[in-house]
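Everything below concerns the one structure shown next.
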Amino acid sequence: MHTKHNFIMKKSILIALLALFLMSCGSNNERLLTSATGSIYECLVVSSPAVKEPVCSTMAGDMYGLPQMEAYFTVSHVSPAQFDDFLKSTRNILIIDIDEHKYTQVKTTHSRDSWSKPQAIVRIQAPSNEIFEEYWSTHGEVIRDWFVREELARQIRFYRANTNKGAREILNKQGYDLLIPEDYMLIMDTTLCLNDQMVNVLWCCNNKGPMRKDVFVYSYPYTSQEQFSNEAIIQMRDNIMGKLVSAQVEGSHMGTEFKHFPPVSRYVPALRDSIGGFYAVETRGLWKIYDGEAMGGPFVSLTRLDQVNGRVVTAEGFLFAAGQKKRNAMRQIEAILYTLRMPNER
């Protein structure tokens, strides 16, 4: 009886181990990965000291459109000999391998979730320091932007779990969608008449904690390609924000700040977690309160064309966080904007 009991126990253990093995392999030969270490917008650079300076200066360069200087990434550096198993779980890793005996030209590869999850890795191979530095001077900012977009995509996946259903229903009736987080409160759903154009405006706000985050979605008739210029986008935002956003002083209103960081626009593609193929105009700059309190902060917007309804759609977010670091909060707002969907994409 005792022998039979031991046999049953051993059999149960064997079945449990087999099940664990199958789970670790997964249906598609997937591996169980540890959680990535490090905070958002941190990057580990693995390279020889000879190329450390140009790489780190690019990755840790000042992010445009913030009222105080903050780096794109908080960067750490180690040599290839120091890159051990403990560091391989870092969430963002840039590996630079220079060897004249192994490589004849520059090669760059991108990978995800190699040693942990979520993880983004760029590996650059080059035959010499000189050839690498020439390559980096042209492609360094592109590689940095790839890491930024990986972080934005991770944030988007987080937002999908809990959204403000009421705000999304309002947008859905207009044919759009935006993953507005659940902790953003609906402030306003209105229609403005600006220069004989009917402008639909949705306004949500997160005023919890030490900083305030606001998200707007506004749409208006498409008339020409010129509406996607930096000047036209800023003029429209100033018209809308000037009417709707004010401070406690009567007559005060929000506008764009031009003196320190003039707003800039650029074309950007969709994130990999988004519907492929679309392009948007990203506009980044500073806002301030005119004729009132000394208040201001950063803003970012994405402007797209709704081909189905013949409208221009802008999703904008701005932040007020006096005396605080703003990079991470602004990137979180930016991730919300990248979830904007047009009628033909839903």
Peptides ranked, highest mean first, by Cβ atoms within 10 Å: ranges 189-201, 297-309, 207-219, 58-70: 297-309, 207-219, 58-70, 189-201
Note, ³J(HN,Hα) from phi for the range 282-295, Karplus 6.51, -1.76, 1.60, rounded to Hz, x at Gly and Pro: 8, 10, 9, x, 10, 10, 8, 8, 9, 6, x, 5, 7, 10
Highest-first arrangement of 277-290, 37-50, 240-253, where packing means the average Cβ count within 10 Å: 277-290, 37-50, 240-253
Accessible area in the full protein assembly, largest first, 1.4 Å probe, for Leu319, Leu32: Leu32, Leu319
For the range 255-307 versus the range 148-210, the gap between their alpha-carbon centres in whole angstrom: 15 Å
Long-range amide H partners of Tyr222 with built H, under 5 Å: Arg311, Val312
Out-of-range pairs (alpha-carbon distance over 26 Å; input Lys52/Lys107; Lys88/Lys213; Lys52/Lys259): Lys88/Lys213; Lys52/Lys259
Neighbour net charge for Leu305 - beta-carbon separation under 15 angstrom, K R +1, D E -1: -1
Whole-number D in µm² s⁻¹ for the chain, Kirkwood Cα-pair radius fed into Stokes-Einstein, 10 °C, 1.306 mPa s: 69 µm²/s
HN-Hα J in Hz across the range 149-157 - Karplus 6.51, -1.76, 1.60, θ = phi - 60°, x for Gly and Pro: 5, 5, 5, 4, 5, 5, 5, 4, 4
Under 5 Å, built H, 5+ apart or other chain: amide partners of Ala71: Met63
Most mobile of Glu316, Glu100, Glu150 in a GNM of the chain (Cα contacts under 10 Å): Glu100
Total formal charge among the other residues, if their Cβ is under 10 angstrom from that of Pro118, Lys/Arg +1 and Asp/Glu -1: +2
Estimated vicinal HN-Hα couplings, Hz - the range 255-269 in sequence order (Karplus 6.51, -1.76, 1.60; Gly, Pro = x): x, 8, 8, 10, 6, 8, 10, x, x, 10, 10, 8, 7, 9, x
Accessible surface, 1.4 Å probe, highest first, among residues Met236, Met185: Met185, Met236
Dipole magnitude of the chain about its Cα centre (Cβ charges: Lys, Arg +1; Asp, Glu -1), debye to nearest 20: 1540 debye
Computed [θ] at 222 nm, deg cm²/dmol, the chain (DSSP H ≥ 4; -39,500 (n - 2.57); rounded to nearest 500): -9500 deg cm²/dmol
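The values are calculated or read from the model by the stated rules, or taken from the named source; none is laboratory data. Bear in mind the structure is a predicted one, so any value in this text is a computation, not a measurement. Ideal geometry is used to build each Cβ from the backbone, glycine not excepted, and the neighbour counts take in all protein chains shown. These area figures cover heavy atoms from the full protein model, side chains too; ligands, DNA and RNA do not enter into them. Shrake-Rupley method; radii C 1.70, N 1.55, O 1.52, S 1.80 Å.
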